[in-house]
Amino acid sequence: AQTVTQSQPEMSVQEAETVTLSCTYDTSESDYYLFWYKQPPSRQMILVIRQEAYKQQNATENRFSVNFQKAAKSFSLKISDSQLGDAAMYFCAYRGHNNNDMRFGAGTRLTVKP
Amino acid sequence: DAGVIQSPRHEVTEMGQEVTLRCKPISGHNSLFWYRQTMMRGLELLIYFNNNVPIDDSGMPEDRFSAKMPNASFSTLKIQPSEPRDSAVYFCASRWRLGTDTQYFGPGTRLTVL
């Protein structure tokens, strides 16, 4: 079974600085999707960024980028120029290409200090 | 697009009562998912539908839980009878088609069973 591990229960970053959230996963599949979701205090699950495993280029969405290392099964999220609104729980998630069961990590709580 | 709509946003009930959670997926999406989020277990997939048909309900914890999708724009998750350990945030999510694309989550329903 696929598992997703987020080894950092909590992280903090100074406003305007850069922070990296870690995620590793375990799978025997070759084709899959990886996601980062943000959950602010409102509880809404908001898609931050996604990566298709067959793409070698790392996904980027404005201040958010990933470092996808397929061989190492690592999928970290980098937030540049952190803003107070970035404070939230961040969940890493995995889904196989032909699978519909999305596996979530335990989450990392990010605090942004002014 | 209004996104995935869930109601109610908050539900407080007493043990033994029936609880019905509702979800309206994004128009045009044909896959719908129900998740439960707790501190102890994180995000768990309960059941998902494709084209209104339940595909996998292996995550449904007990017979007290049931889900229906009578049409493409509406789904319910029912708990009868409810128990205090059912207290959690329940999310509904939808996706364009099975096996591809991204899940979009609703705002969640916070259920408290006294």
- [ ] Kindly provide the trypsin sites (Lys or Arg not before Pro) of the range B:1-66 that DSSP labels as loop, not H, G, I, E or B, and whose Cβ sees at most 15 other Cβ atoms within 10 Å.
- [x] B:9, B:41, B:64
Task: chymotrypsin sites (Phe, Trp or Tyr not before Pro) lying in DSSP loop within the range A:52-98, provided at most 16 other Cβ fall within 10 Å - done: A:54
Task: Projected-area mean, chain B, by convex hull of Cα positions, square nanometres - done: 6.5 nm²
TODO: Calculate, for chain A, the solvent-accessible area per residue in square angstrom, rolling a 1.4 angstrom probe over the heavy atoms of the protein chains.
DONE: 48 Å²
Open item on the list: At 1.4 Å probe size, put A:61, A:10, B:11 in order of accessible surface, largest to smallest.
Closed with: A:10, A:61, B:11
Open item on the list: Which residues, if any, in the range A:35-69 lose at least 50 square angstrom of accessible heavy-atom surface (probe 1.4 Å) when the other protein chains sit next to their chain rather than the chain being alone?
Closed with: A:43, A:44, A:45
Task: Net lengthening on full extension, residue B:110/residue B:20 (0.36 nm per residue, minus Cα-Cα) - done: 31.2 nm
Task: Span from the the range B:1-43 Cα centroid across to the the range A:84-111 one, whole angstrom - done: 18 Å
Open item on the list: If I compute solvent accessible area with a 1.4 Å probe over the protein chains, what percent of it on chain A is carbon and sulfur?
Closed with: 44 percent
Task: Column: log10 I(q)/I(0), Debye, Cα scatterers of the protein assembly as shown, q = 0.09, 0.14, 0.16 Å⁻¹ - done: -0.37, -0.90, -1.13
Open item on the list: Could you check the spin-label model distance between residue A:14 and residue A:47? Points 7 Å from the Cα along Cα→Cβ, value in nm.
Closed with: 3.5 nm
Task: Table column - 3J(HN,Hα) (Hz), the range A:54-70, Karplus curve with 6.51, -1.76, 1.60, x for Gly and Pro - done: 7, 8, 7, 6, 6, 6, 9, 9, 6, 7, 9, 9, 10, 10, 9, 10, 5
- [ ] Using protein chains only (no ligands, no nucleic acids) and a 1.4 Å probe, work out which residues of the range A:79-104 have their accessible area cut by at least 30 Å² relative to the chain alone.
- [x] A:95, A:100, A:101, A:102, A:104
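Given an 8 Å cut-off on Cα distances and at least 6 residues of separation, report the relative contact order of chain B as a percent.
37 percent
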Open item on the list: In square angstrom and rounded to 100, what buried accessible area do you get between chains B and A, total over both, with the probe at 1.4 Å?
Closed with: 1700 Å²
TODO: Quick one: which residues, 5 or more positions from residue A:66 or on another chain, have an amide H under 5 Å from its amide H? H modelled 1.01 Å from N in the peptide plane, none for Pro or chain starts.
DONE: A:59, A:78
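Do me a favour and compute the ellipsoid semi-axes for chain A from its Cα gyration tensor, root of five times each eigenvalue, largest one first, whole Å.
The equivalent ellipsoid of chain A has semi-axes of 24, 14, 12 Å.
The values are calculated or read from the model by the stated rules, or taken from the named source; none is laboratory data. Computed from a predicted structure; not experimentally measured. For neighbour counting, all protein chains shown are included, and Cβ atoms are generated from backbone atoms with ideal geometry for every residue, glycine included. Note: areas computed on protein heavy atoms with side chains; ligands, DNA, RNA excluded. Shrake-Rupley method; radii C 1.70, N 1.55, O 1.52, S 1.80 Å.
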